[in-house]
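Report on the following structure.
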């Protein structure tokens, strides 16, 4: 595997188009219903009061759905067919937060089967980083 | 009284966590519901592909993997700490998916119990759809 600085229209340092998504309890409830993940920490305010967080929080995987929207819009083929994601959840998303998804190409990698872009990725709620990691998607045919 | 959740102390590294491996039907309804709940307007998700198949969002993995893991749950209040996914290809409406999971690491940090598992999802033909590593903080046991 070797590193490149650029490939076609892709360059190290390129920013992905940012996404901002407002999250409220209605969205969290809808995601719980769609995903079947009805952990009371997400949907039961009385239970959530008894936890470390003190109130309900969004599913971490709901935040990753926003990440996937950014990658799908940027490079659907490379994301859906061979995309990789590696993230840590650093903080909660609460009802009323707006999640901002931000990404930047930090490496362009030549692998045996093609060329891939690795993007540093972070999700923020105001100044709080709630998700951090990287994603990889193929950028050559 | 038996607890209705999996105790942290009952797991060992190397355990197959899901036995039998549960199945998940990818229906148009579940895909539509997921897309709506995540506010996803990706255009490739609104039309059939060249083979006439309806493609599911890659991150539907969050649904079918968690659905499988939910067949053996930890105590309430557990949370997701880390996630890795590799999307070998998207799932299609009409497929049946089977997700296996293996406990690879158990550790304690700052008084919390962590469980790391590998997951692998294949369709009814054995075709690999998604693989991943999930790290969960186990909920506090009563």
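Some notes on this structure:
- The condition of being without any contact (Cβ under 8 Å) to a residue 12 or more places away in the chain and within 13 Å of residue A:35 (Cβ to Cβ) does not hold for residue B:43.
- Of all the criteria given as (1) more than 8 Å from every other protein chain (Cβ to nearest Cβ); (2) under 18 Å from residue B:135 (Cβ atoms), the one not satisfied by residue B:70 is (1).
- Looking only at residues in the stretch B:110-129 that are out of contact with any helix residue (DSSP H, G or I) (no Cβ under 9 Å at 6 or more places or on another chain), modelled with pLDDT of 95 or more and part of a strand (DSSP E or B), the one that is surrounded by the fewest Cβ atoms within 10 Å (Cβ to Cβ) is B:128.
- Filter pass, residue B:65 being surrounded by 15 or more Cβ atoms within 10 Å (Cβ to Cβ) and assigned to a loop (DSSP other than H, G, I, E, B): no
- Residue match in the stretch A:94-109 (condition: at the interface with another protein chain (Cβ under 10 Å from one of its Cβ atoms), in contact with a strand residue (DSSP E or B) (Cβ under 9 Å, 6 or more places away or on another chain) and surrounded by 20 or more Cβ atoms within 10 Å (Cβ to Cβ)): no
- Of all residues in the stretch B:22-59 being touching a helix residue (DSSP H, G or I) at 6+ places or on another chain (Cβ under 8 Å) and more than 9 Å from chain A (Cβ to nearest Cβ), the one that is nearest to residue A:74 (Cα to Cα): B:56
- Looking only at the stretch B:1-48, residues that are assigned to a loop (DSSP other than H, G, I, E, B) and farther than 18 Å from residue B:123 by Cα come to 20 in all.
- Hey, residue A:22 within 10 Å of chain B (Cβ to nearest Cβ) and either buried (at least 17 other Cβ atoms within 10 Å of the Cβ) or at pLDDT below 95 (or both) or not: no
- Of all the criteria given as (1) out of contact with any strand residue (DSSP E or B) (no Cβ under 8 Å at 6 or more places or on another chain); (2) farther than 19 Å from residue B:5 by Cα, the one not satisfied by residue B:121 is (1).
- Filtering the stretch B:21-37 for residues that are more than 24 Å from residue A:27 (Cα to Cα) and over 14 Å from the mean Cα position of the chain (by Cα) leaves an empty set.
- Meets criteria (surrounded by fewer than 18 Cβ atoms within 10 Å (Cβ to Cβ), free of Cβ contacts under 8 Å to residues at least 24 places away in the same chain, assigned to a strand (DSSP E or B) and more than 7 Å from every other protein chain (Cβ to nearest Cβ)) for residue A:120: yes
- Scope the stretch B:68-82; condition without any contact (Cβ under 8 Å) to a residue 60 or more places away in the chain, closer than 19 Å to residue B:137 by Cβ and in a loop (DSSP other than H, G, I, E, B); matching residues: B:70
- Any hit, the stretch A:69-76, residues being within 9 Å of chain B (Cβ to nearest Cβ), within 9 Å of the chain's Cα centre (by Cα) and more than 21 Å from residue B:78 (Cβ to Cβ): yes
- Helices (runs of 4 or more DSSP H) fully within the stretch A:3-115 counting 1 or more residues that are touching a residue at least 60 places away in the same chain (Cβ under 8 Å), farther than 20 Å from residue B:87 by Cα and touching a helix residue (DSSP H, G or I) at 6+ places or on another chain (Cβ under 9 Å): A:25-35
- Put simply, of A:48, A:32 the only residue that is more than 19 Å from the chain's Cα centre (by Cα), more than 22 Å from residue A:72 (Cβ to Cβ) and more than 8 Å from chain B (Cβ to nearest Cβ) is A:48.
- Filter result (part of a strand (DSSP E or B), surrounded by fewer than 22 Cβ atoms within 10 Å (Cβ to Cβ), more than 14 Å from chain A (Cβ to nearest Cβ) and in contact (Cβ under 8 Å) with a residue 40 or more places away in the chain) within the stretch B:83-109: B:96, B:98, B:100, B:102, B:103, B:104, B:105, B:106
The values are calculated or read from the model by the stated rules, or taken from the named source; none is laboratory data. Because the structure is a prediction, the values reported are computed rather than measured. Neighbour counts are summed over all protein chains in view; Cβ atoms, including those assigned to glycine, are modelled from backbone coordinates with ideal geometry.
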